Amino acid sequence: MESLAQLEALCERLYNSQDSVERAHAENTLKCFSVNTDYISQCQFILDNALTPYALMLASSSLLKQVTEHSLALQLRLDISNSCSQSTCVFAIYAFHVCVSLITYVLVLMFCSVGNYLINYLAKRGPELQSFVTASLIQLLCRLTKFVASRLQELALSLCLKCLSFDFVGTSIDESSEEFGTVQIPSAWRPVLEDPSTLQIFFDYYAITEAPLSKEALECLVRLASVRRSLFTNDAARSKFLAHLMTGTKEILQTGQGLADHDNYHEYCRLLGRFRVNYQLVFMASTFGSQLQTVVCLLDLIHLSELVNVEGYSDWIQLVAEFTLKSLQSWQWASSSVYYLLGLWSRLVTSVPYLKGDAPSLLDEFVPKITEGFITSRFNSVQAGFPDDLSDNPLDNVELLQDQLDCFPYLCRFQERARMQTGDKSEISVIEAKLAWIVHIIAAIVKIKQCTGCSLESQEVLDAELSARVLQLINVTDSGLHSQRYCELSKQRLDRAILTFFQHFRKSYVGDQAMHSSKLYARLSELLGLHDHLLLLNVIVGKIATNLKCYTESQEVIDHTLSLFLELASGYMTGKLLLKLDTIKFIVANHTREHFPFLEEYRCSRSRTTFYYTIGWLIFMEESPVKFKSSMDPLLQVFISLESTPDSMFRTDAVKCALIGLMRDLRGIAMATNSRRTYGLLFDWLYPAHMPLLLKGISHWTDTPEVTTPLLKFMAEFVLNKAQRLTFDSSSPNGILLFREVSKLIVAYGSRVLSLPNAADIYAYKYKGMWICFTILARALAGNYVNFGVFELYGDRALSDALDIALKMTLSIPLADILAFRKLTKAYFAFLEVLFSSHITFILNLNTNTFMHIVGSLESGLKGLDTNISSQCAAAVDNLAAFYFNNITMGEAPTSPAAINLARHIVECPTLFPEILKTLFEIVLFEDCGNQWSLSRPMLSLILISEQVFSDLKAQILASQPVDQHQRLSVCFDKLMADVARSLDSKNRDKFTQNLTEVQHGVSFVGPA
């Protein structure tokens, strides 16, 4: 090198240059310093004279490599050590502290002294030195645990403690306090921490040293016990580390070595206090106060289950309990140390509800003794008296007193819970049943307000007093022992009583009809701090959320809870208030099975629709596209998962459950869309991206009604044009596109289900899916959002295919079965009504046998007891008869193919219309029918088709009645057609209906012949 300045410039290019070629050239040029021993003297010269850190880094790293990779003479090593020790550069120290461990005993002594200086120096530097610290301190820790000379022990322990106390994440630890959280040791330290010798060397140090060195050994152990649990490779490594800690602390308790020294005693209590317990509460608050809170406690601490399952746990916990009792008795000497022991026991007992496995914790045996020991020791401290120094009296040391009392209540609560758990559970059930009766009675009292419509102030104050008792009861029923009794029937009855109370209370004092100036809230404010609707709603919603989270086996409680939830959400005022609550915001954003386990319970699967119907109400209350999309994200993730599942794996149970749940959820959301805007949000979200999944699901699971039923029911809801929500822009093809999806779905299902063999339960296996298909098609055909003429005009077979497969499904079901199953009956005749109303051409173009079968089924429907079905059949017959009257009776000659086909059908079966007309007369005149207006419509159409048929029918009816009634009936029949023209306009129809009513009143003989 021509000069030191040139070398410094070359080093800067090596470490800083962005040009890879330039950096490679610098590396090749400077390589000689680390591989050639002739350059050692030049490295020393650079350390003494260089001004830039890059040159110093090159020299120090080169010397390190020379020392570790070459066998150098002893004198040369000493020269290197002297050169490094005289340098004040941290980069030189980096090389130095690794080299000295390879040299001599004397250099080790110097190394420890300088190492302490190094830690203090680095602690004040910026984050740019963190990577250096991580690499360096682990090498220090590996080597410092091997020193045995007394002076080296002192320096080594001091340096180890500073290594373990180093602030690796820059949290600015309060140095005035001896408390700290989890030690965030770098991942590079993992092999050393998992090495059993690391822990053991500090226990050995404690055993062979005296105070204060033994205290520093315990301090190192305290920090090792506080390392983050994620540092370990797996649970097995973590358990091994924990077992070693327990063994070491147990040996100290067994021998009592060093515990006579107060500093050792205090530090040992701190070590036991680091055996903290981790437990986690997700989405739980006892009363769901003003905000929903998710409590996650110290994820890096020790699970109680880990402690209990460690070999020797029973001996260890017994020794710790005995040690705690002795410490409590020695209150004068150990008052400042007891806090750590009480903290350990309080965390143990609060974690018992989350204990996994069958291994006993033995806390039931020791906690009562410790509780009694604490109280006894405090009383003894009073009897012993104190000197004048106020600091010696625990009652005057406010901070210490508060620390101890913060831990102690958990022990008392655990003892009370343990006593209750060992008691008679039947007694608790009796108490819960009695409380259920009381709550029901209070609910009935509160309900009076809504019945009478008025209430005196004294009655409202009384309602407040009673309601406050129920609201306070909720805090008890969802905490402590009761929080573990959700599977008990008595607990379920009590919670249902509370839900009933909320329903009555809401109707009387919350919501749209409630009085805002009610004296009830003034009294509730005094008793519970609930001064308005919003705070009370928060309590109600808190109970709802708790039930939905905790009940997974009681469908009755879930359904009752969701009923109350829906009542709140569907009210205009209460719905708006709900949106202000954090609990509701959480539910709307996190409606998953992780937060609400009932969603994955098959027995509660039907409740999912109500749950999402309610959520839909809340989502659409603001009609915000952004909120809608964010709220639908949980369902979107399910869609993505199912859509990415290959066909070969689509017939698995996981896919089945996911698909069933998704369809039930979507149906609930669809039910909540009550406007054009909200329906548009859902339609745009589903179409066209996710509609193929529905077709894929129906195709793969046709033989599984558990899947097809919720899928088809969702589509039935999706195509229903309630409140004119399916109103698209005049230029939008969405209505046609939607019907094409409906056609694909019905054709896919119908073509497959018809080929399946009949099962024992044919209704569940086939008929149920079929009647849902009839409902889908009827709603789509009558929705008035599709111009069906487009399909024939452009040769699209979507309509024809859907009608063809629907007809095949209807013909596959015997008429007796259609009339036997109520839901099938309603869907079948509703479908026929739509066909005869809007698509009668399709019916008329059928062959005569099929036509006669369908019209014959209408006659059977007319005779049924269900007036709705009878009215639907009457409307279908009226459309058929009106078509005949307008196109054949009143026309010159049938010209259209449909009219020609109808004429042909009637010629082949001339008794068709007369038989139907006779049936209608018998129903209207001789039976108590509640839909006379509907039945009168087809009667006029049938009479006008052929007056001769009407005359013959009158003669038949008269002949079937007693002779003495003939005159009266004849007069009635004559009045029937009075002032009725030969027309089917509305005015003429109304006149005929009026006449028919008079005829019916005039007929004294009731009943057919």
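Laboratory data are not the source of any read-out in this text; all were calculated from the coordinates shown. What you see is a predicted model; the values in this text were computed from it and never measured. Neighbour counts are summed over all protein chains in view; Cβ atoms, including those assigned to glycine, are modelled from backbone coordinates with ideal geometry.
Observations
- Of the two radii for the stretch 859-1002, the radius of gyration is 0.96 times the Kirkwood radius, both from the alpha carbons; that is the Rg over Rh value.
- The ellipsoid that matches the Cα gyration tensor of the stretch 778-867 has semi-axes, each √(5λ) in whole angstrom, of 25, 15, 11, with the longest given first.
- Each peptide in 256-265, 786-795, 882-891 gets a packing score, the mean of other Cβ atoms within 10 Å over its residues, and the list from highest to lowest is 882-891, 256-265, 786-795.
- Cβ-derived FRET efficiency at R0 35 Å, residue 919 paired with residue 971, nearest 0.05: 0.90
- For residue 946, distant residues with modelled amide H under 5 Å away: none
- Projected label distance in nm at residue 19 and residue 890, using a 7 Å step from Cα toward the beta-carbon: 9.8
- Pairwise alpha-carbon distances in the stretch 424-604 exceed 29 Å for 20% of all pairs.
- Estimated D of the stretch 541-673 in µm² per second, where Rh is the Kirkwood radius over Cα pairs and Stokes-Einstein applies at 37 °C, 0.692 mPa s: 216
- Residues in the stretch 636-644 carry Karplus couplings, in order, of 4, 5, 5, 4, 4, 5, 5, 5, 8 Hz; the curve used is 6.51 cos²θ - 1.76 cosθ + 1.60 with θ = phi - 60°, and Gly or Pro positions show x.
- Full-extension gain in nm, residue 406 to residue 487, via 0.36 nm per residue minus C-alpha separation: 25.9 nm
- Per-pair calculated FRET efficiency, R0 = 41 Å: residue 479 and residue 251 via Cβ, rounded to 0.05: 0.50
- Rounded to the nearest Hz, the phi-derived 3J(HN,Hα) couplings of the stretch 52-68 under the Karplus curve 6.51 cos²θ - 1.76 cosθ + 1.60 (θ = phi - 60°) are 9, x, 6, 5, 5, 5, 4, 5, 5, 5, 5, 4, 4, 5, 5, 5, 7, where x marks glycine and proline.
- The length gained on full extension between residue 947 and residue 797, counted as 0.36 nm times the residue separation minus their Cα-Cα distance, comes to 49.9 nm.
- Once backbone amide H atoms are built at 1.01 Å from N, residue 227 has 183 as its partners under 5 Å, excluding neighbours fewer than 5 places away on the same chain.
- Relative to the current alpha-carbon distance between residue 154 and residue 723, full extension at 0.36 nm per residue lengthens the span by 196.4 nm.
- Label separation (residue 457 vs residue 375): 4.6 nm, computed from points 7 Å beyond Cα along the C-beta direction.
- Phi angles of the stretch 209-221 translate, via the Karplus equation with coefficients 6.51, -1.76, 1.60 and θ = phi - 60°, into HN-Hα couplings of 10, 10, 5, x, 5, 4, 5, 5, 4, 5, 4, 4, 5 Hz per residue; Gly and Pro are given as x.
- Structure note, pairs 507/549; 576/722; 543/768; 808/863; 722/918: Cα-Cα distances above 28 angstrom occur for 543/768; 722/918.
- Model label sites at residue 704 and residue 649, defined 7 Å from Cα along the beta-carbon direction, differ in position by 1.5 nm.
- Here residue 602 and residue 787 are evaluated by their C-beta separation; at R0 = 41 Å the FRET efficiency comes out at 0.45.
- Gap separating the Cα centres of the stretch 851-888 and the stretch 538-591, nearest whole Å: 46
- The stretch 685-746 gives an Rg/Rh value of 1.00, both radii derived from C-alpha positions and Rh following Kirkwood.
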